[in-house]
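Take a look at the structure set out below.
The values are calculated or read from the model by the stated rules, or taken from the named source; none is laboratory data. Only a predicted model underlies this, so the values are computations on that prediction, with no experimental measurement involved. Backbone-built Cβ (ideal geometry, glycine too); neighbour counts: all protein chains shown. All accessible areas refer to the heavy atoms of the entire protein, side chains included, with ligands and DNA or RNA removed. Shrake-Rupley method; radii C 1.70, N 1.55, O 1.52, S 1.80 Å.
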Amino acid sequence: MLGDQLSDGLSALEDIDTETDVVLMAEVRGEATYVGHHKQKIALIFAAMRGHAARLSARGVRVRYVRIDDPDNTHSITGELERALAETGCARVVMTDCGEWRLAEALTAFRATSPVPVESREDRRFICSRDRFGAWAGDRKQLRMEYFYREMRRETGLLMDGTGPVGGQWNYDAENRKGLPRGLRPPVRARTAPNPTTLEAIADVARLFPDHFGDLEGFGWPTTPAEARAALDVFLADILPNFGDWQDAMAGGQPWMWHGLISASLNIGLLDPLETCRRAEAVYRAGRAPLNAVEGFIRQILGWREFVRGVYWLKMPEYGRRNALDADRALPGFFWSGETDMACVADAVTSTRRHAYAHHIQRLMVTGNLAMLLGVDPDAVDDWYLSVYADAFEWVEMPNTRGMATFADGGIVGSKPYAASGAYINRMSDYCGGCRYDVKGKSGDGACPFNRLYWGFLERNRAQLGGNARLAMPYRTLDGFGEDRRRALLAEAERTRTVLGATKPVETSPSGDSHD
Ligand code: FAD
Ligand code: DLZ
Ligand code: SF4
């Protein structure tokens, strides 16, 4: 049982015989360092694994639990499988399909040479199976989340009125793009106080992974299903009603806004996605939250989360090599340090460092947008996103990064790049007022770097993007600038790329030990 398979009812355990069977769980350096995960992510996984093992043991299940500081630990999942087989004499291995291509490959290789039969069962915690997604994708020319989402609504009956969507519309996104009115502050959010098991895991990570990126102080993630449910209860009652209206808004020093903070709990198995959607629907049906909020929330889980997972398994491993815009720059060092005068970027990185969290619009429109405008190599972008967030697992991280945020997949996840100048960030946040740069400035050192990078991005990628109908308007504007101004803009954007990218990036070693 892997560190993101901590669900009751996991397929590998559904017919467990507590007389004879042994559950293997192993804390291994291989998984903790294949990228330099944020310290909070490692602490979360270790705490949640330890808690889950204790609950299984209390139910009479025999658990072979290998701790990170076990002197005999081989520090890889397959190494621990081999050691367990040798020491227990078990006659077969049963597992649940693993979530990342990298480890799935290693387990396939293990299976090929295993002395005992190895069975890998479907991960039934997802709403849409990989086969079901493959059947939906079929030979469609384009995979669009919206059409997939409608199928999922019909199949699950979520927010359905007979055969049609509740309220007559499938998607209320247009109502969910409001900027934050001046003076409106997001609610104070209660985090989960670390329980004794969590405190012990935090201490272990501080001792064993001191050089990994990120702070451990202020750790507030649920590490048990009960804690995750309690946090979800509070969200559904108090926060969800406003989730829709301010879903795309950002504010300085406000990491949480009206977001659910549930991705890490969902991804490691402390919460069930379908049950979470049904509970949100019940809040709407009881008249305690408006439709735009509840539909928006359910769409993120039933739509986006399931869609990106389907795309990942459909397209890997080729997807992980995609680089449609030939991006080749290094990731600037301020993605790790947060030391930049760009107030929006500094705030997103600060939140990331402190909490192993940034909300969706920060990931998409601030750091992701900037990485795309700068032309950062998608491998470096993936490495960063996979390292820095508590909820990061490649099946969900990669399609968001290589697909949604940077268009490196060439249009599989989204129909156009989410490229934006400073005007978008200004409209959706209060960052620009306190920034050294002038968001309205078009050129010169004092002008917002996003502005010239945006036009430079369009000009630089004209061959790949010029024919995209959804970019017709910005390209018309760019063409209206005339040849000389376009050339000057491109030159200034290139200088900005060099100046911003010139900060020596911290090497991303496989152990990630130099990330802080
Ligand atoms: P909320 O805003 O409250 O949304 C509720 C839930 O919907 C989330 O918990 C999540 O499970 C799901 N969801 C929302 N948007 C997406 C999405 N685009 N794709 C998949 N699920 C979604 N999410 C991860 O779980 N892991 C990642 O590694 C990850 N990397 C990302 C990288 C980039 C570049 C971008 C743009 C997005 C990424 N996301 C990732 C999606 C999204 O940003 C996070 O799921 C969300 O910020 C988590 O916070 P929350 O629980 O408060 O979300
Ligand atoms: C992320 C992670 C970490 C940090 N540590 C472990 C671990 O020690 N043992 C384990 O079984 N799983 C861990 N994980 C989660 C795995 O990386 C994850 O299960 C795979 O990447 C498949 O999604
Ligand atoms: Fe970000 Fe530009 Fe606004 Fe500064 S002016 S906060 S860099 S968008």
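Positive-end ranking of Asn451, Val349, Phe148 along the dipole of the chain, with charges on Cβ about the Cα centre, is headed by Asn451. Placing Trp170, Trp221 in order of accessible area, with the largest value first and a 1.4 Å probe, yields Trp170, Trp221. All other residues whose Cβ lies under 13 angstrom from that of Pro222 are scored, Lys and Arg at +1 and Asp and Glu at -1, for a net of 0.
A protection proxy built from the mean count of other Cβ atoms within 10 Å ranks the segments 315-323, 183-191, 338-346, most packed first, as 338-346, 315-323, 183-191. Comparing His75, Thr18, Gly60 along the charge dipole axis of the range 1-78, the residue lying farthest to the positive side is His75, per the Cβ-charge model. Decide, for the range 1-95, between rounded, prolate and oblate: order the square roots of the alpha carbon gyration tensor eigenvalues as a ≥ b ≥ c, take rounded if a/c falls under 1.5, and otherwise choose prolate if a/b is larger than b/c, else oblate. Cα axes put the range 1-95 in the oblate bin.
For the range 1-37, backbone nitrogen atoms closer than 12 Å to the point 7 Å from Arg229 Cα along Cα-to-C-beta are found at 8. The alpha carbon centroids of the range 181-247 and the range 268-326 are separated by 20 Å. Between the listed residues Leu364, Met473, Asn426, the Cα displaced farthest toward the positive end of the dipole of the range 334-499, a dipole computed from Cβ unit charges relative to the Cα centre, is found at Met473. Enter the Cα centre distance for the pair the range 106-153 and the range 327-363, rounded to the nearest angstrom. About 32 Å separates the Cα centre of the range 106-153 from the one of the range 327-363. Net charge within 9 Å of Arg130 by Cβ-Cβ distance, Lys/Arg positive one each and Asp/Glu negative one each, not counting Arg130 itself? Around Arg130, the charge tally is -2. Sorting Trp384, Trp313 by solvent-accessible area of protein heavy atoms yields Trp313, Trp384, largest first, with a 1.4 Å probe. Note on the range 256-348: with charges restricted to the Cβ of Lys and Arg (+1) and Asp and Glu (-1), its dipole about the Cα centre is near 460 debye.
Can you work out the accessible area per residue across the range 82-191, with the rest of the protein chains kept in place, probe 1.4 Å, in square angstrom?
Ligands and nucleic acids excluded, the result is 58 Å² per residue.
Of the peptides 116-122, 45-51, the ranking by mean beta-carbon count within 10 Å, highest at the top, reads 45-51, 116-122. The distance separating the Cα centre of the range 64-98 from that of the range 405-449 comes to 47 Å. For the range 11-121, the share of accessible area belonging to carbon and sulfur comes to 52 percent (1.4 Å probe, ligands and nucleic acids excluded). Placing pseudo-labels 7 Å out from each Cα toward the beta carbon at Thr108 and Glu87 gives an inter-label distance of 3.0 nm.
Given their separation in residues at 0.36 nm each and the Cα-Cα distance between them, Asp445 and Ser337 gain 36.7 nm when the chain is fully extended. Extension gain for Ala237-Lys141 works out to 30.4 nm (0.36 nm per residue, less the C-alpha to C-alpha distance). Once the Cα-Cα distance is subtracted from the 0.36 nm per residue extended length, the Ala472 to Asp215 segment shows a gain of 88.2 nm.
The chain gives an Rg/Rh value of 0.97, both radii derived from C-alpha positions and Rh following Kirkwood.
Using only side-chain charges placed at the Cβ, +1 for Lys and Arg and -1 for Asp and Glu, the dipole size of the chain relative to its Cα centre rounds to 1760 debye.
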